[in-house]
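This report refers to the structure that appears directly beneath it.
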């Protein structure tokens, strides 16, 4: 039988978002954001994750039916073992069986892991802005560039139009640089610095652009044009019905969305679920696993 209540985590480099997902409504409640030092010790990281789970669990009237975790890669999602190394976050979790540790610390034995970008895109496709589209390329623009190719809500790692590395776009090349370095927060910061706007965060620059700063607006418009140029070939090869955009930078979609759309052969949509998206995507993966 499917559980009626799940606890879900979205683990990031500086924070972890947690919440309760009620089934079958797939509604998120009791959501919280907790600071997380991904460069800290394994004990500190695991302690923070477990504390987030227990804080949600103690507010439930009964037991949670399981734990769904969106976690950045490299990670062995089927076994729960962390393989992140050399990327300045979660290095000290390398080789740790995170699933076993969380089960021991929380008392929840059924745990499912999913890539964080995949979880966010899957959540939007099933419950948000991606509903109604059959073939979707999703990208998350934040600390890095996450991506996923989906057909009828199922991620595709191989197939016609899917890049040969399993459908990831972060290592694609745009103007001599990795896409992860171009279409991310650090990429946006480089663009702002080159325009003489260094010292501003992307959020501050977006606010200035919306208030009438022509120089800041031009940076976001160039970002959108370049992102569209990069994605257009993939969208055409995959015969995508839509491109779905999420992540922190998507908050400036009003600025970069129109030039992005002008270069794509299909519609583009911004995610609407915000921080609920990865929690719902991870929870949906849990339900699929435990309905088998």
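At-a-glance table
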| item | result |
| --- | --- |
| Odd one out for residue 74 among (1) surrounded by fewer than 17 Cβ atoms within 10 Å (Cβ to Cβ); (2) more than 17 Å from the chain's Cα centre (by Cα) | (2) |
| Residue list for the range 104-120, restricted to those being assigned to a helix (DSSP H, G or I) and touching a residue at least 12 places away in the same chain (Cβ under 8 Å) | 105, 106, 116, 117, 118, 119, 120 |
| Yes/no for residue 149 being in contact with a helix residue (DSSP H, G or I) (Cβ under 7 Å, 6 or more places away or on another chain), crowded, with 18+ Cβ neighbours inside 10 Å and outside any loop (DSSP other than H, G, I, E, B) | yes |
| Positions within the range 227-277 being surrounded by fewer than 23 Cβ atoms within 10 Å (Cβ to Cβ), farther than 30 Å from residue 32 by Cα and out of contact with any strand residue (DSSP E or B) (no Cβ under 7 Å at 6 or more places or on another chain), in sequence order | 228, 229, 232, 233, 236, 237, 258, 259, 262, 263, 265 |
| Residues satisfying the stated conditions in the range 157-180, i.e. crowded, with 17+ Cβ neighbours inside 10 Å, modelled with pLDDT of 90 or more and outside any strand (DSSP E or B) | 161, 162, 163, 168, 169, 170, 172, 179, 180 |
| Criterion: surrounded by 15 or more Cβ atoms within 10 Å (Cβ to Cβ) and assigned to a helix (DSSP H, G or I) - qualifying residue of 192, 215 | 192 |
| Tally, over the range 1-38, of residues that are assigned to a loop (DSSP other than H, G, I, E, B) and either surrounded by fewer than 22 Cβ atoms within 10 Å (Cβ to Cβ) or on the phi > 0 side of the Ramachandran plot (or both) | 13 |
| Selected residue (only one of 138, 123 is closer than 25 Å to residue 220 by Cα, in contact with a helix residue (DSSP H, G or I) (Cβ under 6 Å, 6 or more places away or on another chain) and either in contact (Cβ under 8 Å) with a residue 60 or more places away in the chain or surrounded by fewer than 18 Cβ atoms within 10 Å (Cβ to Cβ) (or both)) | 138 |
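The values are calculated or read from the model by the stated rules, or taken from the named source; none is laboratory data. Small disclaimer: the values here were computed from a predicted structure and weren't measured. With ideal geometry, Cβ positions are generated from the backbone for all residues, glycine too; neighbour counts draw on all protein chains shown.
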